[in-house]
Structure formats: structure tokens, C-alpha cells
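Each reported figure results from applying straightforward, stated rules to the coordinates on display, with no laboratory input. Since the structure is predicted, the reported quantities are computational estimates derived from the model, not experimental observations. Note that we place each Cβ from the backbone using ideal geometry, even for glycine, and neighbour counts take in every protein chain shown.
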Amino acid sequence: MTRHDRRRSLLLAVLAFILVMIVWQIPDLNVVLTPFRYFVTTIHELGHGLTALISGGQFVRYEVFETGAGVATTAGGWRWLILPAGYVGTALFGAALLYAANRTHHTRIIATGLGLLFAAFTLLFARNLTGILAGGLTATVLILIGRKGSIPLNTFLLNVLAIVTGLNAVLDLVALLHSPSVGLLNAGSGLGTPNDALAMAQTVGFLPAIGWAIVWTGTALGLLGLSAYHTFWRPLRDGEI
């Protein structure tokens with residue numbers, strides 16, 4: 001990337017951050033973030049499911065609910081690795097996407113590839129209407145913008161997704177810190193499954209639920225901070241921007 005391209009990417013990232021924060025702070029506009037919340041939830045559940053596959057288990061299905069909550073059903077695999085893969089995996093995805101969107105001019109390819117992956121995972125693993133619609137619409141928008149949109153538009157979109165995903169990962173973990181031992185996920189759906197930190201404490205032990213929530217929060221912040229450093233601060237310091 002040229003210096004001009006890097007400066008443009010930095011400007012688009014700043015604009016994306018400002019836009020997200022403005023919308024986040026105005027309750028009447030929060031509905032705009034609903035599709036992005038479904039996106040983040042899907043990433044969270046895919047983190048559980050794909051880690052199950054990687055560790056030798058099975059990814060049975062995932063569901064996304066209208067409330068923005070979700071649940072992934074897995075079998076086998078390394079439970080100690082699958083449980084943190086929701087929150088930590090979401091933060092890792094946001095950090096990686098932030099770097100990729102701003103350190104390469106191949107943003108159209110990234111958006112298209114991400115859309116194709118969403119389409120494939122939706123077909124393979126989504127098993128309720130909200131999850132299918134969320135995955136299908138996400139895939140369609142990403143592929144269309146990746147194929148037809150300009151590089152700046154794709155860069156801006158990917159920055160918005162990266163920022164929303166990264167912030168949600170941290171904010172969800174901060175919320176988890178307030179009641180890690182009593183919170184239930186998807187209570188409204190009738191599933192009442194324990195939150196990931198509580199499940200980790202019950203399954204793996206070693207730390208109480210709040211301990212795991214703290215460890216995951218620190219890991220998520222570290223990943224996002226590392227990404228921001230290599231994406232923006234280091235290039236600014238070295239005069240690349």
C-alpha cells in the first residue's frame with residue numbers, strides 16, 4: 001500500500017469508529033445496530049463451533065435469536081478450548097479484520113471471501129429462522145459490496161464490522177463480569193444454558209466464573225490493543241502514514 005492508501009484507510013477507520021460510537025450513544029438509533037449484533041453473535045457461535053471441529057469434535061448447529069443472543073451445539077472436542085472461543089474468538093476476529101482492512105488494498109477480496117464463508121457456514125450450521133436470515137443477508141451484502149463496491153466503501157464497511165465486533169466482544173465480557181456466576185444465556189428461548197464463564201468454571205475448574213471472565217476480558221483487550229498498535233500506531237511512528 002502507498003502512503004496515500006494508508007492515510008485513506010486511517011481516515012476511513014476513524015470515520016467508522018466515530019459513526020459507530022454516535023449510533024451507540026443514541027438509543028433511538030440503536031435499531032441500526034441490530035444487524036451488526038446478529039453478525040457479532042454469529043461470529044461468537046462460529047467461534048465455539050469451529051473450535052470444536054479443529055479440536056476433533058463436531059459442530060452440530062447454531063442458532064441466533066431475535067434478542068441478539070445465540071447458542072452453539074457441539075459434541076466432543078476440547079471443552080476447555082471450545083468454551084473461551086466464543087468471546088476470545090470474537091475479539092480475535094475483530095482484531096484480525098481491523099488489521100486486514102487497513103494494511104492491504106485487497107478489501108474487495110476480503111469482503112467477498114467473508115461473504116462466501118458466511119454463506120457456507122449458514123447453509124451448513126444455522127438451524128433457526130433468525131440465524132438463517134442473519135447469515136444469508138450478511139453474506140449477500142458482503143458479496144455484493146465486495147464485487148460491486150469501491151475499495152474505499154469496502155474498507156469502510158470492514159472497519160465498521162471490525163470495530164463493532166471488537167467493541168461488542170469487550171462490552172459483553174464487561175457485562176459478564178457483573179454476574180458471571182448467576183447469568184444464564186438464552187433464558188428467553190427456554191434453553192437457559194449457563195454463560196460461558198460459568199460453564200468454564202463448572203467444566204474445567206481451576207478458576208471461578210469471575211476469574212475466567214477476567215482472563216478473557218484481558219485477552220480480548222490485549223488482542224485489540226495489539227491489532228490497533230500494528231495497524232495504526234506503529235505505521236504512524238515509523239512514518240508510513
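Based only on the alpha carbon positions, what is the Kirkwood hydrodynamic radius of the stretch 82-168, in angstrom?
When all Cα pairs of the stretch 82-168 are included, the Kirkwood radius is 13.3 Å.
How high is the relative contact order of the stretch 3-234, in percent, counting Cα pairs under 8 Å that sit 6 or more residues apart?
24 percent
Just going by the charge dipole of the stretch 3-234, with Lys and Arg at +1 and Asp and Glu at -1 on Cβ, which of F156, A220, T130 is farthest out on the positive end?
F156
Per residue of the stretch 198-207, in order, report the coupling 6.51 cos²θ - 1.76 cosθ + 1.60 (Karplus, θ = phi - 60°) as ³J(HN,Hα) in whole Hz, putting x for Gly and Pro.
Karplus values, whole Hz, x for Gly and Pro: 5, 4, 5, 5, 6, 8, 9, x, 6, 10.
Which net charge results for the neighbourhood of A228, defined as the other residues with beta-carbon distances under 13 angstrom from its beta-carbon, given Lys and Arg at +1 and Asp and Glu at -1?
Around A228, the charge tally is +3.
How much net charge surrounds I163 when only the other residues with a Cβ under 15 Å from the Cβ of I163 are counted, with Lys and Arg +1 and Asp and Glu -1?
Numbers: positive: R37; negative: D172.
Result for the local shell: 0.
Would you mind pulling out the separation of the Cα centroids of the stretch 32-87 and the stretch 118-135, in Å?
Using only Cα atoms to place each centre, the spacing works out to 12 Å.
Which order do the peptides 115-127, 24-36, 45-57 come out in when sorted by mean C-beta neighbours inside 10 angstrom, highest first?
45-57, 115-127, 24-36
Taking the Cα centre of the chain as the origin, how large is its charge dipole in debye, to the nearest 20, when only Lys and Arg (+1) and Asp and Glu (-1) carry charge on their Cβ atoms?
Details: 14 positive and 9 negative charges, 150 e Å.
Computed charge dipole of the chain: roughly 720 debye.
For the stretch 1-137, what relative contact order do you get, as a whole percent, if you take Cα pairs closer than 8 Å and at least 6 residues apart?
After rounding, I find 26 percent.
What are the ³J(HN,Hα) couplings of the stretch 75-91, residue after residue, when phi is run through the Karplus curve with 6.51, -1.76, 1.60 and θ = phi - 60°? Round to Hz, x for glycine and proline.
3J(HN,Hα) across the stretch 75-91, in whole Hz: 9, x, x, 8, 4, 5, 9, 5, 4, x, 5, x, 6, 5, x, 5, 5.
Take the alpha carbon atoms of the chain, find their radius of gyration, then divide it by 2.2 N^0.38 Å using N residues; give the quotient.
With N residues counted in the chain, Rg over 2.2 N^0.38 Å equals 1.01.
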